[in-house]
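Have a look at the structure below, then the notes.
Bear in mind these aren't lab numbers, they're just calculated from the coordinates by the rules spelled out. None of the values given here were measured: they were computed from a predicted structure. Quick reminder, even Gly has a Cβ in these numbers, built from the backbone with ideal geometry, and neighbours come from all protein chains shown.
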Amino acid sequence: MAEPIFTLHNVGVDVPERTLLADISFTVAPGEFVTIGGPSGSGKSTLLRVLATLLTPTSGTIMYNGQPQASYEKTAYRREVSYCYQQPSLFGETVWDNLAFPFQIRHADISEERMTQALASVQLPAAMLHQPITDLSGGEKQRVALIRNLLFTPKVLLLDEITTGLDAVTKEAVHDVIANLNRQGLTMIAVTHDEVELAAADRLLTIEDGRLAVTV
């Protein structure tokens, strides 16, 4: 049996006068698609941010690929464990600026062919590459943000409610990308209420009041 890609043991996050997460323990196998559900404010996104190293736990341990998460240099870790926000965060002036960034931080040659192929994978035209980000709809911004994370395929993709508020056509395009990546063996952990994503997942974790309530 393969070693878990993530092992969490009694992970907790405390802030002044409040506990956000408490005693969270579970493992994630390589290639598994895990969804995280629960009421609003229960700690789902907090857990995802902890896995993304955007938030540091105050108790417990997290192992990634058999090593303590804290032992990894953060930039190197985030190239392997990629986090996609609920509200897409684009920068610069154009779509090109955003899709060039993954090449630039790796000191790799920029490939517009790969960029346009990535746009096509989420049903966006090649002509959008040089479009100002201010002209994009919310659904277009979300798809650009998603493929920016995927131009160099990570080992783990963390998805935080990325289909919330998207129209049916855009949701279907995103679902297709997610399903194809998972079939290729990409490990995925998603905070979602989306019925298609829940049905496609291997397992559902439920967080209530900062604690792991149910594992399906």
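Write out the chymotrypsin sites (Phe, Trp or Tyr not before Pro) in segment 16-107 meeting two conditions: DSSP loop, and at most 12 other Cβ atoms within 10 Å of their Cβ.
91
Where the centroid of each part is defined by its Cα atoms, how far is segment 92-113 from segment 132-200 in Å?
Rounded to whole Å, the Cα centres lie 19 Å apart.
Can you tell me the orientation of helix 95-105 relative to the chain, as the angle in degrees between its alpha-carbon axis and the longest Cα principal axis, to the nearest 10?
Long axis of 95-105 versus the principal axis of the chain: about 60 degrees.
Using a Förster radius of 41 Å, what is the FRET efficiency between residue 134 and residue 109 based on their Cβ-Cβ separation? Nearest 0.05, please.
0.90
Longest exposed-loop-site-free stretch of the chain, with GluC sites (Glu not before Pro), DSSP loop and at most 10 other Cβ within 10 Å? Walk me through the numbers before you get to the answer.
Values: sites that count: 17, 73.
In the chain, the maximal stretch lacking such sites is 74-216.
Treating the beta-carbon of each Lys and Arg as +1 and of each Asp and Glu as -1, no other charges, what is the dipole magnitude of segment 6-215 about its Cα centre, to the nearest 20 debye?
Values: 16 positive and 24 negative charges, 97 e Å.
Around 460 debye, computed over segment 6-215.
For the chain, what is the convex hull (Cα atoms) projected area averaged across all directions, in square nanometres? Show your work: numbers first, answer last.
Numbers: hull surface 49.3 nm².
For the chain, the mean projected area of the Cα convex hull comes to 12.3 nm².
If you take every DSSP beta bridge whose two residues both sit in the chain, what share of them, in percent to the nearest 5, is antiparallel? Provide the component values of the computation, followed by the final result.
Values: 19 of 36 bridges.
Given both bridge residues lie in the chain, the antiparallel proportion sits at roughly 55 percent.
Using Cα-Cα distances under 8 Å and only pairs 6 or more residues apart, what relative contact order does the chain have, in percent?
Working: 383 pairs, mean separation 67.3, N = 216.
For the chain, the relative contact order is 31 percent.
What spacing in nm lies between the two simple spin-label points modelled at residue 76 and residue 123, each 7 Å away from Cα in the Cβ direction?
4.1
Rounded, prolate or oblate: pick one for segment 11-74, where a ≥ b ≥ c are the square roots of the eigenvalues of its C-alpha gyration tensor, a/c under 1.5 means rounded, and failing that, prolate if a/b is larger than b/c, else oblate. Don't jump to the answer; show the numbers that get you there.
Values: a/c = 1.99, a/b = 1.22, b/c = 1.63.
Because a/c hits 1.5 or more and a/b fails to exceed b/c, segment 11-74 counts as oblate.
Work out Dmax and Rg for segment 97-157 from the C-alpha atoms and quote the Rg first, both in angstrom.
11.1, 32
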